[in-house]
Each structure stands twice: as structure tokens, then as C-alpha cells.
Amino acid sequence: MSTISKRLRSLTAMGAIGTTVALVLAGCGARAGDEAAAGGTSAAPSCVDTSGSAVKLGFLNSLTGGMAISEKTVSNVLHMAADEINAGGGILGKKIEYVQEDGATDWPTFAEKTEKLLTQDCVAAIFGGWTSSSRKAVKPVVEKHNGLFFYPVQYEGLESSPNIYYTGATTNQQIIPAMDFLKAQGVKRLFLAGSDYVFPRTANAIIKLYAAKLGIEIVGEEYVPLDKDDWTSQVAKIVAAKPDFIFNTINGSSNVGFVKAYYDAGLKAETTPIISVSIAEEEAPAMGHEVTGQYASWNYFQSLKTPTNPKFIESWKAYPNSSGVTSDPMEAAYISLYLYKALVEAAGSFDVDAVNAAAKKNAITFDAPEGKVTLDGENHHISKPGHIGKINSSNQFDIVWASDKFIEPDPYLEGYDWFPADIRKQLVDAAG
Amino acid sequence: MTDASLVVTDLRVEFSGFVAVGGVSFDAHPGEVRFLIGPNGAGKTTCIDAITGLAKGTGSARLGEKELLGKQVHKIVRLGVGRTFQTASVFDELTVLQNLDIAAGRHRSALSLLRTRRGVDPSIEQALEETGLAGELTTPAGILSHGQKQWLEIAMLLVQDAKVLLLDEPVAGMSQDERTATGELLRRIAAKRIVLVVEHDMDFMRRYATRVTVLHQGKVLSQGTVADVQADPKVQEVYLGTADAIAVGTPNRKED
Amino acid sequence: MDALIAPLLNGSAQGALLLLAALGLSLTFGQMGVINMAHGEFLMIGAFAAYLVQQVITASNLSIPVALPVAFVVAGLFGLLLEVTIIQWMYRRPLDTLLVTVGVGLILQQAALQIFPSQGVPVEKPGWLDGQLNILGYEWPLRQLFTILLASVCVAALSAWLKYTSFGRRIRATVQNRDLAETSGISTRTIDRLTFFTGSGLAGVAGVAASLIGGTNSQMGAQYIIPAFLVVAAGGIGQLKGTIIAAWAVGVALSYFAYWTTGSLAQVLAFILVIVFLQLRPQGLFTVRTRSLA
Amino acid sequence: MTKPRTTGPKPWISLSGIGVFAVLLLAVAPLVLTDHWLNNLGKYCCWAIAAVGIGLAWGRGGMLVMGQGVFFALGAYSMAMHLTLETAGDRIPGFMVLYDPLAPLPMFWEPFRSAGFTLLAIVLLPVVMAGILGYALFKRRVKGAYFAILTQALAVALATLISSTIRETGGDTGLSDFKYFFGFVLNDPANKVMVFLIAAGLLIVCLLAVWQLYRSRFGELLVATRDAEERVRFLGYDPANVKLVAFVVSALMASIAGAMFVPIVGIITPAEIGAAASILMIAGVAFGGRASLFGPALGAMAVGWGQSSLGSTWPEGWTYILGLLFIVVILFLPNGLSSLPSRFPGRTRPKPDVPPTPAIAAAELEEVRA
């Protein structure tokens, strides 16, 4: 090796290191404690341009990978809602021009795409997501850029953000009604079965607290990884525990395996029924007749008799790419776009701060297929009716229970004395 | 240490019940070109495998005072035992120089391994001279001729400073000229080392062997000089049916 | 008693499903050295085939018995197509077949997602599988017994085929010495294709069994591929009896771990168990005298 | 197995290549790219760092490492735990509270309060773990498909474990929402540029490291081990040690990649560890050219870019393209795009596809018997 190249080598290495150090030092921005001085936490000015005849919105769901199974429908119904709104004249007279992005079942991709939608495509708001992981990935990004994100799926609550609107149920609108229903059914022994991730774990933590108050004994708790279908071992434990009812927080395809193993083991809806919070009209057909007679807790069912529901079902059935049935997450996604329209029109502007201010000032409502929902301007959730449905042989739900009024959203369960105040305080503090 | 000999005593190798080598004893000394011959399945290569740790054998194989059996392959090599394979196995992607450099390199410290090679080791130059590969220094080994690959292998053994060279069919597939050159090379390097050759080529054996061991069905059939062995009626009996094969040699034939 | 019997029986059924998934691999991976990461997707194809059969034959009592051979042939044909178009060029590069088939798997998954309802489709269990068998006080689901029977039949058929038919003998000859087999007049091309067809077809049969246990959707194959490979590796390459024992052991271990710990931890522990086992016995349970891979 | 080309261009060409690359990344990119694309480029740089390590282990060392997600996770979670604690201050991180509000921080979190310990962990954890794992596997001569599948199984097991330990690791949702990076406010665009520059700088350092490794005697020995492990053994080396070094270095690079991924992307979840993520890392390496110096890094960046841009315009199509990429590249261009120039007529190359040397196959046959 010649000395020239040796020198060249060390020169390059030193050059590279030197450049890096110099650039890094030059690039130093705000340090902890002087955010205000550097404007660290206030976002760069928004690049959203609504001066033309259109407004750009971002749609973000997993169209590929494992979650595409569920999320594709949400994405399709958003397109339908956009088409409807456009046909009706748009928002503030501006046509919706949507940018569809694929989260690819990869949470960092959700973060990346959110940033892209906000800073490259300059969308006024983003709609979509499904898993809590995707929402948690999006949250810091929309907060950083002061964007808006509309999240359409029931979730574990204990969260709020000035930049997120939640149109799915929080726990007191789905889990707690389900527990009230169980209490009314005289359930004494409850078994908890869930997928091993955040929503079921959190939901079950809340269920256990409430069950203690209601005097329902939790006779067992089992989790299986989200991507595993085989529930035989766990169902054997359920059989041994002899519960009156099973509270099912399993998500996705694993539900099919659970119901099959349940049925195989000789458990029946007549003796040991299941109440689910993730099986809707979309999921039920994939489980065949074995899921007939089981219960689900949702706010919306296709079988609901409300003034606006028939039109919603009809439009969806006529929509290309339609799956033919409507379900709660779809309906919540449908609401989200209309809610945004109502918010913007109340604010008279697409500006995020103006929209948030309008949310606080007015009681924004929308005649949703589940009924007339009202937005809570403080916690950005909506009021919802609680419903329990029983799956019939055509995979539709017969409504067997309904809450007497719309349930106000309470993500931090502040209205429930059995929820320990110290946990709430710590959670709120941590959210910061 | 130059007078250390390779002494194999009652070597046995079994493969799940099948006795490939059943109690073979022989020795090899510096200065001689020792041949191991025998028909198919006689256990010749297996003997080498056992000595080099590739196959598990019982009995004894000593180099000087050191027992070889039971040691790991690379540890046996470090005691000075080197071998070649039936088909030349050199590093095709690397140049002749790189091949030899690796062979010469096992004494190097870990740190020096991380440095780039500068210049050519004297031992490598010497080996290149010896094997006539000096002109091919930067040729990728993959495009060498068959004979050259075999020589490169031998050169690698030389730079690795092997005291014992176990050569498995070194002239298989070689032209007559290459065989002669290889034979001369073996004679030269045997002067200071132990050279043990497994071979089918009887003609080559006759020309270059100093002593011969004939194996048959895992056992020693006969031992001695070329003339002794050829005169042995047992050997003639065994080889009767396969006389043609022995006379012609069967290059590129798989054994066992 | 129940605490010991239930996991044993459940685990045996889980092992039988693993065995079904691994059986095809033990042919394509064990005998041919091809690392087919799309094997899970062939399993998925078998499950979808069962669904399609049920659309034609609506009586599920009959449709599942019909679906088994159909799934075998359909998945087998997909395998054959893969062999002819891609794998046949790669026999000298076993490790690369792994990556190529990862690509094939990705494409098949996405295609299934777009062709079928994204939530998946139902495959109905035949009525004669409803019910349980009381074994030492444990009500053992008949469906599990069916999985074990199906696996046993497949193993018996496969080993008889390998042992007693001339095709089977040729496969074994080709595996043991490809060059020699070729010179003895065996068309190794035909053998390769047939082996791959059979191996993939077995994945299809496993798919029917899997469709009775879990969901039938685009993602279903992914959960079987790694465990199936681990089973084949732990059993010893090209060793049917090793694969059987390994599958059973992994199934039972999974089941006991799930009984004692949680479902997630059971998966982790079972994986670690196999990995440690393979560290101790890199050649698997049974060693065969053949060329080692790569 | 096709033996990838290893006799590369003259050293100074590679070196000036790295120089040009460094200038493009460190000086040009921050000037011409928007914040969003710079951040994306930072993410690609992380993948590229991991890819450089995979190139070393797989391209040069023949070890198909399909579980780099494990080491990626070690670095990423070390960093994420530190950033989470930095953000939470004296409080216990929010996600831990619900399950057991009174329990203290899990023991293994405590040391990650220290920045020094975190940096040390990012370097030492993968080295120790890869060292133990590699020693156990290589000494037992676990290789080829076995090695690939075992490493993949490890990645899957770790991802499952993390998903199920919600209080300890954040579970499936992972760790996110970091406010500070060693005292710097992460939301400040200037600091984001700094984080990018660190990632890009580390990529350059990794490239320089493998550049030196490839031209060193060790690099030659590694290639020799890849092509004929038994032969190397018969030269008196223990191939296990040679492979171990490459494996450990590649694990270290994966860990560094993971550690930088966290402040750039702002979230780490088990999805980045499991089978799919580990395979995606391989895709880039295969695409670019496993044994070349720049191939893995450029390939990984290309795949990352493809996912960002094509994945936007035609998501379903991107999956098909990715699948086809695997098939076409591996089938027709086993040495990736970097081997394209030598495929053109006029440039000669020794036989592209060399079948395994029979002697070695025979030797391995014997090895199985023994």
C-alpha cells in the first residue's frame, strides 16, 4: 500500500470527523430548559393553503401488512365520506382533495407519513389509524407540527391531546356499558381473554377495578400474542375456571381461533357466552356460524334504527370496494370527516387553533348513523350511545341492551369513583 | 524437531457401526515420500481424515511426542500437520498471493490481521519459487489451471510451515508433464518434511515412492518398498480384478 | 390430573398441526435443501382452497373431506409453478432460495388480501367434529383428535410413498447422491418437481387443518413458518421420525408453558428451548449421512 | 452459493467514494432537503448502518443474519429508555402507572438514567450478546440455513417478549414521545439536523471501518472462511473466531443504527424488531450488493426511499415491487446492483457462478459423519 493512499485515508477520515463535529456544533439548537427562548416547542408556521377551491386532507391507514385486514375498510369509508361531502358542496365551499397514505402496519411509518402529510402535502387534517400503536406514533408528530388527527377506533382511553379528535369510544362508552350489561345479566364469574397488547391489558385493568365494585369475580385472565390464532391451551383453562361469561378483548384474526377453540371445547353461547369489544359486522362473517349467539358491545350497529342509518348503509353498499356491511369503526371514521366539516364550518376557517377554539366554544353535533353525537370541546371525544348486540345467524346484531341516554366521553374516568385518583393523577401528569 | 516422525498405531475409525479403518499402523519419516494406496473404500482418505481430526478415530497417531487423535482440527494443524483434498480446494475468489498470505498468517496477532498486507513475506516468495507459481501472484485462484491449483495447495502447506504434508491424490487429473513436475516437487520438499501421499496412479507411485503401504478393506495388506509391495502375492490378488483401474488411474473419482 | 392431562392432549394436537406444517418442509428443505419461506403462504392457499370448496359443496360434513385432496393439489401446483419458474435455477444456492421465497411469500400475501375479503373467510367445521371425547376427566375436543389423525395419515402416506414406490426410492436416491442418481438413469428434474409438488401439497393439507383452528386470511401462513422450520431443524434434516418427535415435543412444550405461564411467554420459551437444543445438537435429533446444507 | 466478487476497485477509488458520499450526506443534504426528507434520510442512514453490518456478516462472512432486529432493538431500546426517562424527569413513565401505580421503576431501567451508561450499553450490550450467541453457534458449527432461521426465531421471540411486557417495555405500542435528546430539545429543527448529522456521520464511520476491514488481512480471511470454511480450518485457523468477529461487528452496527433510529423517528416498537423488519434490512443489502462496500448502504437507502415514495403513491404496488425485487435480484443479480457494471460485455470477470467445490462438500459430508 502506498503512503499516498495511506495519507489520503487518514485525511479523509479526519476530514469526515472534523466536518461532522463542526456541523454538529453549528447545528446545535435549543437545550432543555430554554425551549421558550429557542421557540423549541412551538411549531413552524403551517404550510396549509386553502386559498384555492380545494382543501387537502390526509388519509392514513395500513393498506399493506397484517393490519390491512381491518384498516382497509376504514380507509374505503373515508373515501366514501369525502365523495359525499364533495357532492354536497365540500367544506366551506371547498372540495376535499385527499392524499391517501399507507401506514404499512409499521408504527414508525405512521409517524413518517404523518410528518409527510403535514409538512410536504400540507394537509389541513389527517384521518385514520386503527391500533393504539399507530395513534401513539402519530401523536407526537401532530403535536409537534400543530396538526389535526381524527382517530376512529374504540381505544383504551386515558389519553387526550389538543391535536387529536377521538370519534371512537373511550372506555366508559364501551367497556363500562358492557360491564353494566353483565351485571344486569347477573354474571358472577367473569373470565378475561385478550390479545397481548396495550388495549386489552388496559381495558382489563379497568374491568378488574370495576368488577370489584360490581361484585363480579374475575376467575381468570389469559392473553395470546396478536399474531397467533391458536387458543386451545387457553380455552382449556377457561373450561376449567367455569366462568358465567367471557369478556373478550381479542383483536383481529386471533378472534377466529378463539371462537373456534371455544366451540371445539364444547362451550356454548347458551351456557358460557362471550361479550366482545372487537367483533363487529365486518369480523363476524369470517368466524362462520360458531360466533352466532355471542354478544358485542359497540356504539353503532348496522341494525340500529336511527334516521340517518339507512342512508349510510345504502351508500356504503353502493360504494365500490364495499364490504357490504357497516360496522362501528367504519361509522366512527365516517363521523370523523363530517365532524371535521362541522368544526371547520363553525370556526369559519381551516386553521387548527381556530378549529380547536370553535370546538370549545360551540357544542358541535352531527347526526350520525348511531344518533346525534356531540363533541366535547375539552377532551376532544364525542358522546355516544351504548349498545349491546347479539349476533344472529346472518352475522348481524340484534340489539339486546341500550344505554338510557348518550354517554358523555370520560377518557380519564373522572366520573367513576372506583378508579383510583392517584393513578389518574399520575397518568394526567405523565401526559403532561 | 526435524527428525520427528509420524507414527500411526492401531488406528480405527467407525461410522455408526461400519468399520472404515480397522487397526491400521504405519509410520512416515522426514526425507521419504510415503505412499498410501489401495482400492476403493480401502480407507486411505479416512486415515488422513482421522489423523487431521476430521474423522473421529481411536488408537494413536503421534507426531514426535505429540498425540494427534482427539484434538480439534485447527489445533492439529498448529502442531504442523497440513493436508490437501482430493479436489483442489483453494479460495477461488482470492488471488494466489492472498491465498498464500492466509496460509502464512496463522501466527499473526489479531491486531495485525486488521492491517492491510504490505509486501510479500519471504516465506511466500520462497514457496512461489518452489512451486513455479511466481508469475501468477495476482491471478485469482479460481482461474488457475487444475494443476496450478494443486501446486498452490502445496505451496500453502509450505508457507504454513507444515512438518507433515498429507496429500490426497495430488496428481489426479494432471497431464503427464504436470505429474512429473509434481513428483519432482514432492521429492524436493520431502527432504526436510514428512510427505504422505494417497494416490491411485500406480505409475506415479512407482516413480516417486520411497515406501508404500497398501490398504485393503480398512486394514494394512502389505508394506515396504515399491518392489516389495509389487512382489507381494496378497497385493496381486486384491488388485487382480481392478488391474486396469490401477494402471490407468482414475482421476476425479470420488472415494467412499 | 386435569392440569397435566389437558396440556398434554392439547399440546399433542398443536404438535400435530406443527407436524403437518413441517412435513412438507421436511421434504423440500430436508430432502432438497430448498428453504421455502413461502411455505406458510402455500398453507394459506390450502385454507382458501377449502373455503372455495365449501362454496361449491355447502354441506360441511362432505366438503372438508373433499377439500383435503383439492387443497393438496392446488397448493402442490403452486409449488410446482414456483419450482419450475424460480427454484430450479437455484439448487446450487440454497441460502438464496430463502430470500427469493420471502419475496414470493410477500406477493402471495398481498394478492390474497386483495382477492378475498380482507377480514378473511370462514371455513366451517364438519358436524361430525362437534363434540368432545372424555379422556381421564378431560373433555378433549374431537377436532384436535382429527388434527392428530390427519397428521398421522399424512405421515404414514408419505413414508409409505418414500419407502415402497419407485418414485419414493428415486427421491431418496437423488437426495443421497444426485450425480449417481442421474447417471443411473433417474431424471432428477422430474424428481425435483415431484418432490416440490408433494411438499407444497402437504402445506395445502396443513392449511385445511389450520383453517379449522384459526382464521383463514392473508396473514395466516406467517405464524407457522418459523416454528415449522425450527421443528424440521430440531428433528434432523431429512429425518421423518425426527420431525415427528420434534413437532410433538414443541407442541406439548408450548401447551405446558401456556398452562404454567402466559401465551406470549410460552411462545418465547418454546423458541428458546429449540434454539438451545439446536445449539447442543446442531444436527438435530437424528443425524443422517448426507451433505450438510450450505 | 454464488461467490460474490471481492476483488474490488483500487482502494483510493473506494475511499474517494466514501468522501463523496460524506460530502453529499453531511454538507449537501442538509442544505437542499426539507426537514421532512432530511429526517427520512436520517432514517435511511440508520438502516444503512445496519445494512453495512449485514453486508459484512452476510456478504463477506456468508452468515445470513436474519435476526439483526435483536441487536437493533438492544440499541434502540437502550436509547429509548434513556430518552423516556429524560422526558419523564422524576416521574415514572406514564404507561407504567396504570398496571401498578405504586411499583417503582423496573430495576433494569434505573441505570439508563445515566447518559454515559446508555451510550456504553448501546455499544456493549450487542457486543456481549452477539459474542455469547455467536460463540455458542459458531463453535457448534451452526451455519447456513440453520443459522439464518435460528437468528430469525430469536428476533421473533424478542418481539413477542417485548409486546407482552407492557409495563416493562411499553409493549406493542413501544416507547415514543421523546422530548429531549441528551439535553437537546428534539422538536427544535436545528437539533433535528444535528441528530441527522450524527447518524450520517456514524454511517460514514461504519463505511470507513468496513472499508479498512475489507482490505485488511482479516477481510481476506473472512472471505476465505465464507467460501471454504473447512479449508481455513486446515490452515490452522479456527473459523468460528473469524466469523465471530464479523458477527459481533455487524451486531454493533445494528445496535448503533437502532440507537439513532429512536431520536430520528421518535418511536420504537416491537414491529421494528420482528421477522418483517429483519427481512426488510436484508432486502436492501441483497438489492445493493451484499459483498460490495457501498452496495448494502445504498441498497438499504434505496429500499427505504422506495417505501417512502412508492409506498405513498401505490401502496399495494410497493408490496409487489418489494416481493419482485427479492425474486429478480436474487435470481438474476445475486451480487446486487453493484455487480451490474461487470455484467456488461467488455468487462471480463472470472466465472460468475462457481459451484461448490466438491472437495469441500465432501469434507462437510465427513464432518456430518463425525
Among C:PHE271, C:ALA21, C:ILE244, whose Cα projects farthest towards the positive end of the dipole of chain C, with charges put on the beta-carbon of Lys, Arg (+1) and Asp, Glu (-1)? C:ILE244
Net charge, C:THR195 excluded, C-beta distance under 10 Å - Lys, Arg +1, Asp, Glu -1: 0
Once both labels are modelled 7 Å past Cα along the beta-carbon direction, what's the C:VAL153-D:PHE108 spacing in nm? 4.6 nm
Once you average over the residues of D:83-92, how many Cβ atoms of partner chains fall within 10 Å of each Cβ? 2
How far is helix A:68-87 tilted off the main Cα axis of chain A, in degrees rounded to 10, range 0 to 90? 80 degrees
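Ignoring everything except DSSP H segments at least 4 long, calculate the 222 nm mean residue ellipticity for chain A; use -39,500 (n - 2.57) per segment, divide by total residues, nearest 500. Walk me through the numbers on the way to the answer.
Values: 13 runs with 178 residues, N = 432.
About -13000 deg cm²/dmol.
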Relative contact order of segment A:105-196, defined on C-alpha pairs under 8 angstrom at six or more residues apart (%): 21 percent
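Once you keep just the Cα pairs under 8 angstrom separated by 6 or more residues, what percentage relative contact order results for chain D? Present the calculation step by step, with values, prior to reporting the outcome.
On the way: 561 pairs, mean separation 122.5, N = 370.
Contact order relative to length: 33 percent.
So which trypsin sites (Lys or Arg not before Pro) in segment B:1-59 are both in a DSSP loop and have at most 15 other Cβ atoms within 10 Å of their Cβ? Before the final figure, lay out each step's value.
Details: sites: B:ARG12, B:ARG34, B:LYS44, B:LYS56; in loops: B:LYS56.
Counting only loop positions with at most 15 other Cβ atoms within 10 Å, the trypsin sites (Lys or Arg not before Pro) in segment B:1-59 are B:LYS56.
Count the DSSP beta bridges whose two residues both fall in the protein assembly as shown, then state the antiparallel fraction as a percent rounded to the nearest 5.
Values: 49 of 99 bridges.
The antiparallel fraction comes to roughly 50 percent.
Restricting the count to DSSP beta bridges whose residues both fall in chain A, what percent are antiparallel, rounded to a multiple of 5? Present the calculation step by step, with values, prior to reporting the outcome.
Numbers: 16 of 50 bridges.
Percentage antiparallel, nearest 5: 30.
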Rounded FRET efficiency, nearest 0.05, which uses the C-beta distance separating C:TYR164 from C:ASP130 and R0 of 51 Å: 0.90
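Across chain A, where is the longest run that never hits GluC sites (Glu not before Pro) in a DSSP loop with at most 15 other C-beta atoms within 10 Å? If you can, show how the numbers build up before the last one.
Details: sites that count: A:GLU270, A:GLU378, A:GLU414.
In chain A, the maximal stretch lacking such sites is A:1-269.
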So which trypsin sites (Lys or Arg not before Pro) in segment A:209-301 pass both tests, a DSSP loop state and at most 15 other Cβ atoms within 10 Å of the Cβ? A:LYS268
Starting from the 7 Å offset along Cα-to-Cβ, what nm value, one decimal, do you get for the label separation of C:VAL276 and C:ARG172? 3.6 nm
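Which trypsin sites (Lys or Arg not before Pro) from segment A:395-432 combine a DSSP loop assignment with at most 12 other Cβ atoms within 10 Å? Walk me through the numbers before you get to the answer.
Numbers: sites: A:LYS405, A:ARG424, A:LYS425; in loops: A:LYS405.
Sparse-neighbourhood loop trypsin sites (Lys or Arg not before Pro): A:LYS405.
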Going by how many other Cβ atoms sit within 10 Å of their own, how do A:HIS381, B:HIS107 line up, fewest first? B:HIS107, A:HIS381
Residues of segment B:36-56 with backbone nitrogen within less than 16 Å of a virtual label 7 Å along the Cα-to-Cβ line of B:VAL19, please, listed as ranges. B:42-44, B:47
Would you mind ranking B:SER112, D:SER164 by Cβ crowding within 10 Å, fewest neighbours first? B:SER112, D:SER164
Net charge of Cβ neighbours under 10 Å - reference D:MET63; Lys, Arg +1; Asp, Glu -1: +4
Can you pull the one-decimal nm distance between simple spin-label points at A:THR365 and A:SER51, each 7 Å off the Cα toward Cβ? 3.8 nm
Which whole number gives the average, over all residues in B:73-82, of C-beta atoms from other chains lying within 10 Å of the residue C-beta? 4
Environment charge at A:VAL291 (Cβ cut-off 11 Å; Lys +1, Arg +1, Asp -1, Glu -1): 0
Show the residues, 5+ positions off or on another chain, whose built amide H is closer than 5 Å to the amide H of B:HIS216. B:LEU221
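Expected output is a single nm value to one decimal: the length gained when fully extending between D:ARG167 and D:THR34, i.e. 0.36 nm times separation in residues minus the C-alpha distance. What is it?
Numbers: separation 133, 0.36 × 133 = 47.88 nm, distance 3.71 nm.
The span from D:ARG167 to D:THR34 would gain 44.2 nm if fully extended.
Given a Förster distance of 60 Å, report the FRET efficiency between A:THR308 and C:ALA3 from their Cβ-Cβ distance, rounded to the nearest 0.05.
It comes out at approximately 0.65.
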antiparallel share of DSSP beta bridges within chain B, to nearest 5, in %, is 60 percent
I'd like the orientation of helix B:146-159 relative to chain B: the angle between its Cα long axis and the longest Cα principal axis, in ° from 0 to 90, rounded to 10. 70 degrees
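Could you put A:CYS47, C:CYS154, A:CYS122 in order, starting from the residue whose Cβ has the fewest other Cβ atoms within 10 Å? Walk me through the intermediate numbers first.
Numbers: A:CYS47 12, C:CYS154 22, A:CYS122 16.
With the sparsest Cβ surroundings first, the list reads A:CYS47, A:CYS122, C:CYS154.
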Highest GNM mean-square fluctuation, chain D, Cα pairs closer than 10 Å: which of D:ARG113, D:ARG91, D:ARG215? D:ARG91
Identify the residues of segment D:66-101 with backbone N under 17 Å of a label point that sits 7 angstrom from the Cα of D:LEU120 along the Cα-to-Cβ direction, or state none. D:75, D:78-79, D:82
Peptide-level mean, for D:272-282, of C-beta atoms on other protein chains within 10 Å: 3
Quote the FRET efficiency, to the nearest 0.05, computed for B:ARG187 versus D:VAL328 with a Förster distance R0 of 41 Å and r equal to the Cβ-Cβ distance. 0.15
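Kindly provide the helix-only [θ] at 222 nm of chain B, computed as the sum of -39,500 (n - 2.57) over DSSP H runs of four or more divided by all residues, to the nearest 500 deg cm²/dmol?
Numbers: 11 runs with 93 residues, N = 256.
Taking each H run of at least 4 residues, the total per residue is -10000 deg cm²/dmol.
Every read-out reported here was derived from the displayed coordinates using simple, explicitly stated rules and does not represent laboratory data. This one's a predicted model, so the numbers in the text were calculated from it and none came from an experiment. In this analysis, Cβ positions are derived from the backbone assuming ideal geometry, glycine residues included, and neighbour counts consider all displayed protein chains.
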